[in-house]
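The structure appears right after this line, and notes come after that.
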Ligand SMILES: Nc1ncnc2c1ncn2[C@@H]1O[C@H](COP(=O)(O)OP(=O)(O)O)[C@@H](O)[C@H]1O
Ligand SMILES: [Mg+2]
């Protein structure tokens, strides 16, 4: 008989259970796959590039360090498991709540408490077991696919081999046992509490005297947050020296979070209440019922709607951060590593020789003469006087380089100066210009535009670079002269490991020791070749000699792909969690609520009108959070994309999120209606 | 003839343990009749009313009202028909918990988008008539069963339906409320020529009818027409109950 009871309640709520089980098995699947990727041998060898840590360049020396990409994957699976557990525990409670009346009736009929508790325990255990079976099935089916996807987004051509070790299976089994036990015990406790409390439906107090002012206050908060966001767009660039933007962000967050809650708590019900009080509106058609019904549902779901809103906003904000972060890193990368391979006059011979041996297909070859001289100026950004060597290049030479080298810099004409310097911040490019730069034995440069995109790569220089008019360049003296070489290849430089080891001896071609005297003209530079390196000695500047950037590019692409993979996975998971919470919330109506819909049908309300109520309910439940979330997420654009226009990509990202989210709304509506309709035909 | 029921039948459940709630049932009801349907619990009274009122579709047979075969109508048109022409007092009341008494009562008028003044007028009239004016603003779960039944009746009658279906309308009422309600039903039956189909197992309630059909196990057992004298009719009903069930099969009302 107990088996029958369990079977019946499982089948009664089968639609809702199905969603829950699918969401859970999705979570289990993702978790399991992440975990299994962590010890996948083929992935381990595919990611050999990431194996060695401690050296800045991946191709030098294969250390025995652990593969931190895989470490991250494992850590991520842990984080994921934590949130999945929170989700399962929280949502699992919905079902117990739904059965409250049933349990109370059992008790009234004289069933001993422990039997009821046991029933709820096993019910949960069965559902969990089902979810795990599906989840593990998903792991077996999708592991290969997800692994291949990871390799694909990391642009690694490598065949991903499926691998599930016995120790892995054992771990999963342990987690399964533990989590199922935990959830079942928690639900059993929930049942005990229901049986002890016994109080029936708790009446929701309306308390309009509190709700109306609270709602209005919430509205004011939300509005002020929007105004503040507008200010943030202007103020964000001052973040490096002013606390104003941080204060603003802090205020906006607080105002958004509390404002939204207050609006849900006070304003929206008040609106419905007012609409309901307007007789000509409410006494017409089904409104008389639907206003009240909506209000009731809203009351019941305030905290959930709020929760979903804030989490959606958080998800959108994270996506925004990730997007702009990615873009900033990408741009930074793009501007710092322009040639696949670069050399200077000391290394060019060796490198050319090695390239010949390696049979590399050269796509483009460039060379540019540069002069190195000493400069001093007042740096606005650091608010100090700076004295350093600077590399000079003529305007014509600069223009002859591939377009991508100057795309990121300010535009100059043949009479202007351009100072190329490291960007101190990833996200914000300061478009200020530099003034009054003294150059040793050359005219003062009054104004120089600023850029961050180094021709030949930033690592080839030891300081900033200056693009000067041809005339200026011709006349200026040089402490050191050098020539930079750069190559682009078809399919990489094909340098072998031994070749690279050989080349490594030519790294750090020369060292400049600068002796700064009281004035620039008295300061001198001494060039030392093949010196043992004393790092960080003041006044010494090392010239790299050559730079193999193609490999860095590869690394960067792989890292970026990995990052996108993780972000996408977590976003989708969050979306699934939020969507399914709402869907379940809409579907698990109290008994009397679904009975009311049936009653409406009995007294002659058309099905289409009842469907309308369901539709409105679903729309309300799904649309409210996403609208409020979008309003709030807008702030994050202000934070991460200050001053710039709303980019197309971020709109696409948001749109994608909204579309997926609405898809859940649609599914939820379909399921809701199915559930209600089933009861009609009883 | 206003209502013609032709050979309808209805089964519940699957093949093996199917319940034949109504078997090949036929019935004719005249315009303005006050028809009682009597039978023991489980006889199929509710099922019969549900089928005539299009709340349930019969497995076989036809239900023709004013020459229109309702079984052929689409669900949507059935709902419209129900809403416009029929009133219901359900055995389980079917009141909406979310709404208060007033909103429940005026629901049929609101659904038809009647004008506000008419709604208020009709509402006040019904509440006064049924002597429950003081309940207007109560919530449904603050009402006793009897009060709920009266409110359900008020809702059924508020838009002057052409046909009223009443399923055990006095089942939860004390004799005074029952008498008020029955008197009113009789009144609208006589004045407005409302056709009433009422299911009951109570002889006193049935004695208000103009004709009573007895059903048992899903088929018509017999019928009696009101001779014009209620006491005499009541006697006849009691006798018929004895014939069918052998005495105490039916509840005999104490308040005759
Ligand atoms: N929805 C249903 N499902 C299965 N059996 C039903 C259903 N409704 C009624 N029945 C059965 O049909 C028969 C007639 O029921 P009903 O019309 O409610 O009787 P009455 O109203 O006369 O008490 C009963 O045996 C009852 O068990
Ligand atoms: Mg009945």
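The values are calculated or read from the model by the stated rules, or taken from the named source; none is laboratory data. Keep in mind that this is a model prediction, so the values were computed, not measured. Here Cβ is always computed from backbone atoms with ideal geometry, including for glycine, and neighbour counts include all displayed protein chains.
Among (1) at pLDDT below 85; (2) assigned to a helix (DSSP H, G or I), which single condition is residue A:284 missing?
(2)
Kindly indicate whether any position in segment B:65-88 is crowded, with 22+ Cβ neighbours inside 10 Å, within 10 Å of chain A (Cβ to nearest Cβ) and within 16 Å of ligand 1 (Cβ to nearest atom).
Of the residues in segment B:65-88, the ones crowded, with 22+ Cβ neighbours inside 10 Å are B:65, B:79, B:82, B:86-88.
Checking the rest, the ones that are also within 10 Å of chain A (Cβ to nearest Cβ) come to B:79, B:82, B:86-88.
Those still in the list that are within 16 Å of ligand 1 (Cβ to nearest atom) too: B:88.
For segment B:65-88, residues crowded, with 22+ Cβ neighbours inside 10 Å, within 10 Å of chain A (Cβ to nearest Cβ) and within 16 Å of ligand 1 (Cβ to nearest atom): present.
Within segment A:293-323, restricting attention to residues that are surrounded by 21 or more Cβ atoms within 10 Å (Cβ to Cβ) and at the interface with chain B (Cβ under 9 Å from one of its Cβ atoms), which residue is nearest to residue A:86 (Cα to Cα)?
Per the stated criteria, the residue is A:295.
Quick one: would you say residue A:327 is within 14 Å of chain B (Cβ to nearest Cβ) and surrounded by fewer than 21 Cβ atoms within 10 Å (Cβ to Cβ)? Lay out the reasoning, then the answer.
On the way: within 14 Å of chain B (Cβ to nearest Cβ): no; surrounded by fewer than 21 Cβ atoms within 10 Å (Cβ to Cβ): yes.
No; evaluated as a whole, the condition is false for this residue.
Quickly run through segment B:24-43 and pick out the residues that are crowded, with 16+ Cβ neighbours inside 10 Å, within 16 Å of ligand 1 (Cβ to nearest atom) and modelled with pLDDT of 90 or more. First the steps, then the outcome.
We begin by selecting, within segment B:24-43, every residue crowded, with 16+ Cβ neighbours inside 10 Å; these are B:25, B:27, B:29, B:33-40, B:43.
Filter once more, so that each one left must be within 16 Å of ligand 1 (Cβ to nearest atom): B:25, B:27, B:35-40, B:43.
If the condition is that a residue be crowded, with 16+ Cβ neighbours inside 10 Å, within 16 Å of ligand 1 (Cβ to nearest atom) and modelled with pLDDT of 90 or more, then B:25, B:27, B:35, B:36, B:37, B:38 are the ones that fit.
I'd like to verify a number: residues in segment B:33-50 that are more than 13 Å from ligand 2 (Cβ to nearest atom) and out of contact with any helix residue (DSSP H, G or I) (no Cβ under 7 Å at 6 or more places or on another chain), how many? Break it down stepwise before answering.
Of all residues in segment B:33-50, those more than 13 Å from ligand 2 (Cβ to nearest atom) come to B:33-36.
If we keep only those that are out of contact with any helix residue (DSSP H, G or I) (no Cβ under 7 Å at 6 or more places or on another chain) too, we end up with B:33, B:35.
Total meeting the criteria: 2.
If you check A:419, A:431, A:399, A:415, which single one turns out to be at pLDDT 85 or above and assigned to a loop (DSSP other than H, G, I, E, B)? Before the answer, list the steps.
Working: A:419 fails: assigned to a loop (DSSP other than H, G, I, E, B); A:431 fails: at pLDDT 85 or above; A:399 fails: assigned to a loop (DSSP other than H, G, I, E, B).
One residue alone meets the criteria, A:415.
Please go through segment B:168-191 and give me each residue that is within 16 Å of ligand 1 (Cβ to nearest atom) and under 14 Å from residue B:209 (Cβ atoms), ordered by number. I'd like the intermediate steps shown before the answer.
Residues of segment B:168-191 that are within 16 Å of ligand 1 (Cβ to nearest atom), as a first pass: B:168-172.
Residues satisfying the conditions are B:168, B:169, B:170.
So which residues in segment B:1-29 are assigned to a loop (DSSP other than H, G, I, E, B) and free of Cβ contacts under 8 Å to residues at least 40 places away in the same chain?
Taking segment B:1-29 first, the residues assigned to a loop (DSSP other than H, G, I, E, B) are B:1-2, B:13-18.
Residues satisfying the conditions are B:1, B:13, B:14, B:15, B:16, B:17, B:18.
Here is a yes/no grid of residues against (1) under 42 Å from the mean Cα position of the chain (by Cα); (2) part of a strand (DSSP E or B):
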{"position": "A:437", "(1), (2)": "yes, yes"}
{"position": "A:459", "(1), (2)": "yes, no"}
{"position": "A:472", "(1), (2)": "no, no"}
{"position": "A:494", "(1), (2)": "yes, no"}
{"position": "A:502", "(1), (2)": "yes, no"}
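Quick check, is residue A:426 modelled with pLDDT under 85 and either in a strand (DSSP E or B) or under 29 Å from residue A:502 (Cβ atoms) (or both)?
Details: modelled with pLDDT under 85: yes; either in a strand (DSSP E or B) or under 29 Å from residue A:502 (Cβ atoms) (or both): no.
No, not satisfied.
I'm trying to understand the selection: among the residues of segment A:599-628, which are assigned to a helix (DSSP H, G or I) and within 14 Å of chain B (Cβ to nearest Cβ)? Break it down stepwise before answering.
Applying the first criterion (assigned to a helix (DSSP H, G or I)) to segment A:599-628 yields A:599-602, A:607-628.
Within segment A:599-628, A:599, A:600, A:601, A:602, A:607, A:608, A:609, A:610, A:611, A:612, A:613, A:617 meet the criteria.
Condition test on residue B:77, is it out of contact with any strand residue (DSSP E or B) (no Cβ under 8 Å at 6 or more places or on another chain) and under 28 Å from residue B:192 (Cβ atoms)? Give the steps one after another, and end with the answer.
Working: out of contact with any strand residue (DSSP E or B) (no Cβ under 8 Å at 6 or more places or on another chain): yes; under 28 Å from residue B:192 (Cβ atoms): yes.
So residue B:77 passes the test.
Considering segment B:112-123 alone, what residues qualify as being more than 7 Å from every other protein chain (Cβ to nearest Cβ) and either at pLDDT 90 or above or assigned to a helix (DSSP H, G or I) (or both)? Give the derivation first.
Of segment B:112-123, the ones more than 7 Å from every other protein chain (Cβ to nearest Cβ) are B:112, B:114-115, B:117-118, B:120-123.
Within segment B:112-123, B:117, B:118, B:120, B:121, B:122, B:123 qualify.
Among the listed residues B:72, B:80, identify the single one that is more than 16 Å from ligand 2 (Cβ to nearest atom) and within 24 Å of residue A:612 (Cα to Cα).
On the way: B:72 fails: within 24 Å of residue A:612 (Cα to Cα).
Being more than 16 Å from ligand 2 (Cβ to nearest atom) and within 24 Å of residue A:612 (Cα to Cα) holds for just one of B:72, B:80, which is B:80.
Look through A:194, A:212, A:252 and report the one residue that is touching a residue at least 12 places away in the same chain (Cβ under 8 Å), assigned by TED's automatic domain parsing to the domain that holds residue A:89 and touching a helix residue (DSSP H, G or I) at 6+ places or on another chain (Cβ under 6 Å). Write out each step before concluding.
On the way: A:212 fails: assigned by TED's automatic domain parsing to the domain that holds residue A:89; A:252 fails: assigned by TED's automatic domain parsing to the domain that holds residue A:89.
A:194 is the lone residue from the list that is touching a residue at least 12 places away in the same chain (Cβ under 8 Å), assigned by TED's automatic domain parsing to the domain that holds residue A:89 and touching a helix residue (DSSP H, G or I) at 6+ places or on another chain (Cβ under 6 Å).
Identify all residues within segment B:1-18 that are within 13 Å of ligand 1 (Cβ to nearest atom), more than 14 Å from chain A (Cβ to nearest Cβ) and over 19 Å from the mean Cα position of the chain (by Cα); write none if there are none. Before the answer, list the steps.
Here is the first cut: in segment B:1-18, the ones within 13 Å of ligand 1 (Cβ to nearest atom) are B:8-14, B:17-18.
Keeping just the survivors that are more than 14 Å from chain A (Cβ to nearest Cβ) gives B:8-9, B:11, B:14, B:17-18.
Those that are within 13 Å of ligand 1 (Cβ to nearest atom), more than 14 Å from chain A (Cβ to nearest Cβ) and over 19 Å from the mean Cα position of the chain (by Cα): B:9, B:11, B:14, B:17, B:18.
Taking the options A:186, A:156, A:164, A:139, name whichever one is surrounded by 15 or more Cβ atoms within 10 Å (Cβ to Cβ), under 31 Å from the mean Cα position of the chain (by Cα) and modelled with pLDDT of 85 or more. Lay out the reasoning, then the answer.
Details: A:186 fails: under 31 Å from the mean Cα position of the chain (by Cα); A:156 fails: modelled with pLDDT of 85 or more; A:164 fails: modelled with pLDDT of 85 or more.
Of the residues listed, the single one that is surrounded by 15 or more Cβ atoms within 10 Å (Cβ to Cβ), under 31 Å from the mean Cα position of the chain (by Cα) and modelled with pLDDT of 85 or more is A:139.
Could you tell me whether any residue of segment B:146-166 is within 16 Å of ligand 2 (Cβ to nearest atom), at pLDDT below 90 and either farther than 25 Å from residue A:601 by Cα or in a helix (DSSP H, G or I) (or both)?
yes
What are the residue pairs meeting all of these: first residue in segment B:37-53, first residue touching a residue at least 60 places away in the same chain (Cβ under 8 Å) and farther than 11 Å from residue B:10 by Cβ, second residue in a helix (DSSP H, G or I) and near ligand 1 (Cβ under 6 Å from one of its atoms), Cβ atoms under 6 Å, and 6 or more apart or on different chains?
B:37/B:45; B:39/B:45
Looking at (1) in contact with a helix residue (DSSP H, G or I) (Cβ under 6 Å, 6 or more places away or on another chain); (2) under 25 Å from residue B:46 (Cβ atoms); (3) within 13 Å of chain A (Cβ to nearest Cβ), which is the only condition residue B:106 fails?
(2)
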